[in-house]
Structure formats: C-alpha cells, structure tokens
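Notes to accompany the following structure.
What follows is calculated from the coordinates using simple rules that are stated; it is not laboratory data. Note that the coordinates shown come from a computational prediction; the quantities given were computed from them, not determined experimentally. Heads up, the Cβs are rebuilt from the backbone with ideal geometry, glycines too, and the neighbour counts pull from every protein chain shown.
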Amino acid sequence: MKVLVIGGGAREHALCRSLSLDPDVTAVHCAPGNAGIGEVAQLHPVDALDGAAVARLATELAAELVVVGPEAPLVAGVADAVRSAGIPCFGPSREAAELEGSKAFAKDVMAAAGVPTGRSYVCTTPEEIDEALDAFGAPYVVKDDGLAAGKGVVVTHDLAAAREHALACGRVVIEEFLDGPEVSLFAITDGETVLPLTPAQDFKRALDGDEGPNTGGMGAYSPLPWADPKLVDEVMATVLQPTVDEMHRRGTPFAGLLYAGLAITSRGVRVIEFNARFGDPETQVVLARLRTPLASVLLNAAQGSLDLEPPLRWREDAAVTVVVASHNYPDTPRTGDPIEGLDEVADKDAPHAYVLHAGTKHAGDAIVSAGGRVLSVTATGKDLAQARERVYKAVARIRLDGSQHRTDIARKAAGE
Ligand code: AMP
Ligand code: GLY
C-alpha cells in the first residue's frame with residue numbers, strides 16, 4: 001500500500017515512522033513533512049491546507065490511502081477533496097471536523113448524545129459573558145468557539161483577565177471548572193464501529209509542576225498506572241460510541257480519529273474537549289506501544305469496514321515522550337538555531353530511544369529549528385521509570401541553543 005501523510009509535526013513523524021515499519025506499506029509520502037520525516041518518507045512541498053493540491057498529489061502518486069494529521073486541513077475540507085478524487089482518506093469530513101472546529105457545536109452534540117461534560121454557556125454579548133462568569137465563579141474557564149491553535153482557552157482566577165479574553169473572542173464558551181487529572185483517549189472510527197486506543201496523558205503547561213502558560217503539549221506518557229482499568233470501557237460506553245452514533249444520526253458521520261480529552265473529576269469522567277485528529281504529543285507514545293500494524297486499520301476506517309479489524313494489540317512496554325521546545329516558546333519562539341547530537345541519542349545507556357521531529361528543517365548540511373516545538377524525544381522501557389530514564393538520557397545528548405523542556409514528564413506516574 002502507498003500512503004500519503006499530510007502535515008509536518010512530530011505527530012506526523014510518528015505516523016510516518018509506524019507506517020514505514022508496516023509490512024503492508026510499500027511507500028510512505030508526506031506533505032510538507034520536516035527534516036526528520038524526510039528520513040522515513042518521501043517529502044512533497046504541497047500546502048496541507050489546499051485540498052485541490054493535496055488531491056492532485058495523491059492522484060499523481062497513486063496513493064491508496066491519505067492520512068490527514070492536523071486539524072486545520074480537516075476543518076478546511078481537505079479529506080473531502082481527497083475522497084472526491086476517489087482515494088480513501090483517514091480523516092473526517094469538514095462538517096464532522098466541526099466537533100473540534102466549534103466548541104459550541106461539540107457541546108450541542110454532547111448534550112444530544114447524553115455525553116458527560118462540564119456545564120457551559122455559549123455567549124456573544126458582554127452581558128451574557130458577565131452573567132456566565134458570575135454564574136460559575138472562579139476559577140473561570142473561557143474558550144474561544146473556533147480553532148485557535150491551543151491559544152483559545154484561558155483558565156484563571158482573575159475575573160478581569162477572563163472577561164478580557166471572552167470579549168476578544170467574539171463567540172465564546174464559558175464553562176464550569178473541572179478538577180482532577182486529565183486523560184487523552186483516542187478512538188479510530190469509520191463512522192459506526194469504534195476502536196479505542198490506549199489512554200495517554202499530556203502535559204499542557206510550559207514549566208515543571210504544571211506552571212507557566214498553556215502550550216500545544218510538552219510531553220506525554222502511556223500507560224496510566226493510576227487509572228481505573230475500566231476507564232476505556234466506560235468512556236467507550238458513555239462518550240465515544242454515543243458521540244459517533246449521534247454524528248451518524250445527524251447525517252454527518254464522523255470517520256477518522258476521535259480524540260476525547262477527559263477530566264477524571266470527583267463526580268466522574270467529563271469531556272473537556274473533542275479533537276478530530278490524533279493528539280500531539282500523545283500519538284508519539286500511543287504509537288510507540290501499538291503492536292498492530294497501522295495501515296490496514298486506518299484503511300478500514302477510511303473505507304467503512306472497521307468491523308473487520310480485530311481488537312488492537314499493545315506492547316506491555318511503557319513509553320514517554322519529552323518535547324524539546326525553542327527559546328521563548330510558546331510566546332515568540334526563536335527559530336533557525338542549529339540542532340546537534342541527533343545521531344547520538346540512542347546507545348546501550350539509552351536503548352529504545354529515538355527522536356521525532358516537530359519544527360525542523362535542513363539549512364545546508366545542518367538541521368535547524370523551524371518552530372516552537374522542535375523535537376519529541378521518545379523512549380520505551382519495561383515501565384515508566386525505565387522509559388523516563390532512557391528518554392532523559394537521550395534529551396541530554398541534544399544540543400539546541402536556548403531550548404527548554406520539562407523535567408517532570410511521567411514522574412508522578414512512575415512513582416518518583
Ligand atoms: P482545550 O483546548 O479545550 O484542550 O483546553 C486546554 C486546556 O485547558 C485543557 O487541557 C485543560 O487543562 C484546560 N481546561 C479546559 N477546559 C477546562 C475546564 N472546564 N476545567 C478545567 N480546565 C480546563
Ligand atoms: N496534546 C493536545 C492536542 O493534541 O490537542
């Protein structure tokens with residue numbers, strides 16, 4: 001099978017890496033990709049947001065499956081353009097991607113499907129905003145209705161800051177604060193059959209101890225030794241299957257990856273958000289643990305035949321990924337710095353460690369930083385403690401001027 005992956009971050013590097021190791025896959029292509037993806041896939045300089053151009057590329061390559069990584073192309077209808085060209089595509093339609101593209105739409109679907117989530121108000125006027133903030137009290141949770149690349153959500157005790165963010169958004173969802181640990185649970189679906197993946201936890205804040213600003217994600221691990229073993233079954237029954245069924249009932253079936261961002265509160269599981277694609281950096285650890293070859297699962301999801309797939313198989317190993325970010329991420333990340341030590345990450349002290357590239361590119365003979373999140377260094381081990389030890393040994397071998405990373409990814413879960 002020839003596969004074309006759309007996107008250029010560490011999530012897409014993880015996808016391309018897994019596909020390149022799949023015996024069913026004869027060629028992996030990626031557009032636009034990055035310097036690291038270029039080592040496992042053939043790169044094509046095509047704009048990921050341009051549906052016509054992506055469909056043309058897929059046709060030229062005789063791709064048998066297109067996998068769309070990021071949300072922006074999905075919300076722009078790139079998967080529809082590929083399907084119109086007669087090529088199977090893993091990724092929801094523009095209409096179904098509204099589950100991520102509009103928080104108000106997601107709340108409406110959850111209400112109709114009886115999915116547990118925080119109480120919320122959709123507000124458009126200053127009066128509505130003040131009433132909603134007053135009704136919930138601090139801490140305030142204010143979410144831009146539309147896509148905002150991880151910058152749309154403000155959680156704060158400061159009423160003035162909550163109000164200011166809400167007024168700047170236009171349409172805004174104001175929600176009750178949900179306490180408790182967060183879990184990311186992904187499911188692959190063809191619009192009817194739902195296949196859950198293994199849960200992971202993401203670290204959203206920039207600094208150790210969950211301090212600092214929200215980011216796209218600074219690290220992740222899987223499995224979650226502290227989680228209830230029945231969690232996946234429960235979320236399947238109360239969240240994933242009802243949501244997929246509701247989208248089907250509305251005539252806009254959701255086929256692709258449904259990402260449930262969950263809070264495990266004292267009153268039970270609540271959905272914090274849906275995304276319409278694989279999470280980044282959780283995918284890096286989830287795929288590190290997936291034993292089932294990926295391509296046929298994604299193709300069956302794209303073709304409406306996921307019921308043919310047996311349950312997914314997982315390695316016993318634990319996986320940890322640590323994001324190495326640029327100087328000044330997430331504010332105004334500095335780019336163009338050379339990255340050294342990439343070839344030195346794995347040896348007998350840090351086996352099963354590898355580097356997935358996020359924002360990197362070639363500059364002459366060098367590889368330089370080209371984005372806020374630069375690398376996702378990943379390692380597996382017999383447990384989280386061993387995976388942590390290996391991943392941090394690998395991180396220490398990478399030299400990138402001014403770079404930052406969290407030192408506490410999976411620390412608590414490893415019992416340290
Ligand atoms: P989102 O973009 O919806 O994932 O929100 C980003 C982050 O904000 C989440 O991962 C949570 O850490 C936090 N957050 C979002 N909604 C809530 C909520 N209702 N209560 C507490 N924290 C939240
Ligand atoms: N890691 C969070 C996300 O992918 O949205």
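Below, the figures for the structure above:
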{"item": "Pair Arg267, Glu416: separation of 7 Å Cα→Cβ label points (nm)", "result": "3.7"}
{"item": "Length added when fully stretched, Glu316-Asp365, from 0.36 nm per residue minus Cα-Cα", "result": "13.7 nm"}
{"item": "Contact order relative to length of the chain, as percent, for alpha carbon pairs under 8 angstrom and 6 or more apart", "result": "16"}
{"item": "Mean residue ellipticity (222 nm) of the chain, computed from DSSP H runs ≥ 4 via -39,500 (n - 2.57), nearest 500", "result": "-8000 deg cm²/dmol"}
{"item": "Descending semi-axes in Å of the range 285-388, equivalent ellipsoid built from Cα gyration tensor", "result": "31, 20, 13"}
{"item": "Thr156 versus Leu21: modelled label distance in nm, points set 7 Å from Cα along the beta carbon direction", "result": "4.3"}
{"item": "Percentage, to the nearest whole number, of Cα pairs in the range 222-368 over 28 Å apart", "result": "38"}
{"item": "Protection proxy ranking of 281-287, 76-82 - average other beta-carbon atoms within 10 Å, highest first", "result": "281-287, 76-82"}
{"item": "Net charge of Cβ neighbours under 11 Å - reference Pro139; Lys, Arg +1; Asp, Glu -1", "result": "-4"}
{"item": "For the chain, the fraction of alpha-carbon pairs in successive 10 Å shells from zero, as %", "result": "5, 23, 33, 28, 11, 1, 0"}
{"item": "When the range 30-174 is reduced to its Cα atoms, the Kirkwood hydrodynamic radius in Å", "result": "17.4"}
{"item": "Pairwise label distance in nanometres, His248 with Lys230, each label 7 Å out on the Cα-Cβ vector", "result": "2.5"}
{"item": "Mean separation of Cα contacts under 8 Å, 6 or more apart, over the residue count of the range 288-416: relative contact order %", "result": "30"}
{"item": "The range 18-154 - percent relative contact order, Cα under 8 Å, separation 6 or more", "result": "14"}
